[in-house]
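Working notes for the structure below.
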Amino acid sequence: MSDLRVVIWRHGQTDWNIQSRFQGHSDIPLNKVGEYQANHSAKTLAGMNPNRIISSDLIRAQQTAAPLIELTKLNLEIDAKLRETNGGNWEGKTGAENRAADLHNFVRWLDGEDIPAGGTGETRNQVAARASAAIEDALAGKDNQLLVVTTHGGTAR
């Protein structure tokens, strides 16, 4: 019988997280706290003896995975399907700015409705479909695997 396990690992903190900015596809690096979070978490994850590590192509996810790669000596596999939600017109703006400009749709999206983020971005179902495909691809034909998936909050949801 196949034993397949998946650990979803959200990237560490960025300055845009602190500012409550919609990051989406914007390629924002970790800040010092995020680097600390990644290093601290990597020690625990390494103890779980992962077989593979896949990451979003965005720098904050890759920087989060880097300490685990260093500890395990595994290769980091990049998959753009693990990117954060395309935020459309909300991307780069704070929650307050998005509420001021598009309150009705922003609240609907925050409440979990499957509408395009920022009017022109992705729906939750679109993000889920691509992220699920990335994980299914990584596990295809495998047995007895612990896969670590380094991704983003919206994608993880």
Exactly one of LEU68, LEU58, LEU4 is among the aliphatic types (A, V, I, L, M) and open to solvent by 20 Å² or more (accessible area, probe 1.4 Å), and that one is LEU4
Residue hits (the range 76-87; of a type in the set (Gly, Ala, Ser) and open to solvent by 20 Å² or more (accessible area, probe 1.4 Å)) are ALA80
For the range 42-66, the count of residues that are out of contact with any strand residue (DSSP E or B) (no Cβ under 7 Å at 6 or more places or on another chain), without any contact (Cβ under 8 Å) to a residue 40 or more places away in the chain and closer than 30 Å to LYS93 by Cα equals 2
Flagged in the range 129-157 as open to solvent by less than 60 Å² (accessible area, probe 1.4 Å) and without any contact (Cβ under 8 Å) to a residue 24 or more places away in the chain, in numbering order, are SER132
Matching residues in the range 90-105 (open to solvent by less than 60 Å² (accessible area, probe 1.4 Å) and not in a helix (DSSP H, G or I)) number 3
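The values are calculated or read from the model by the stated rules, or taken from the named source; none is laboratory data. No experiment lies behind these values; they were computed from the predicted model shown. Cβ sites come from the backbone with ideal geometry, for glycine too, and all protein chains shown count toward neighbours. Ligands, DNA and RNA are stripped out before the accessible areas are found, and what is left, the full protein with its side chains, is counted by its heavy atoms. Shrake-Rupley method; radii C 1.70, N 1.55, O 1.52, S 1.80 Å.
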